[in-house]
Structure formats: C-alpha cells, structure tokens
Amino acid sequence: LRHLFEFTADESCGKCFPCRLGSTRGEELLHKAQHEDYKIDRQLFDDLIETMEIGSLCALGGGLPLGVKNALHYFDDELRDYFKQRTESPVLN
C-alpha cells in the first residue's frame, strides 16, 4: 500500500490538493506504521482515501483508493496490525 501512495505522490501533477497532499499523507502514515510504533486511525485513513476518490481531478488520485479499498477488504487480517482497533463511540450524557 505504501508503494501505491508513494508512486502517486511522485507522479502527481500537484494541481489538486486531494491527490498531492492525500498521497503524501497516506505514504507518511503507512511508513510510520511500518517502521515506528504507530497505529493508523482507520477512520482518518478511510476519510483520506474517500477525499482522494471524490476530490481528485484525474484518474491517478481518483483511482488510487480502489486498490487501497480492495487491499483493506481482502487482506484485512494481514493489515490489521497497522491500524488502531475500532472502538465504540463514547456515550455522551
């Protein structure tokens, strides 16, 4: 996954923020999760790829989320260690 984000960041023309910043931020998150004691917030990551999918002007940034979503769906067990466990939202009184 990190290589997908890294490739997109390298090839991005920089015209739109979702592709330029989203690919860079995604690569940073995945790099930290691989090499440091860091767990990615799954909701933040899902929001990042959704923003890229909806807001990118071209197929490069808009197409990246498809591969990422498929990897997260089909390889959930292998990738689970890189993400924080989802917890229920706190109940406010």
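The values are calculated or read from the model by the stated rules, or taken from the named source; none is laboratory data. Since the structure is predicted, the reported quantities are computational estimates derived from the model, not experimental observations. We place every Cβ from the backbone using ideal geometry, glycine too, and count neighbours over all the protein chains shown.
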Yes/no for residue 62 being modelled with pLDDT under 95, in a helix (DSSP H, G or I) and out of contact with any Leu (no Cβ under 6 Å at 6 or more places or on another chain):
yes
Within the stretch 29-38, is even one residue assigned to a helix (DSSP H, G or I) and loosely packed, with under 10 Cβ neighbours inside 10 Å?
yes
Going through the stretch 15-31 one residue at a time, which ones are within 16 Å of residue 54 (Cα to Cα), out of contact with any Phe, Trp or Tyr (no Cβ under 7 Å at 6 or more places or on another chain) and of a type outside the set (Phe, Trp, Tyr)?
15, 16, 18, 19, 20, 21, 22
Take residue 57 and decide whether it is among the hydrophobic types (A, V, I, L, M, F, W, C) and over 14 Å from the mean Cα position of the chain (by Cα).
yes
Inside the stretch 45-57, can you point out the residues that are surrounded by 13 or more Cβ atoms within 10 Å (Cβ to Cβ) and either touching a residue at least 12 places away in the same chain (Cβ under 8 Å) or hydrophobic (A, V, I, L, M, F, W, C) (or both)?
45, 48, 49, 50, 51, 52, 53, 55, 56, 57
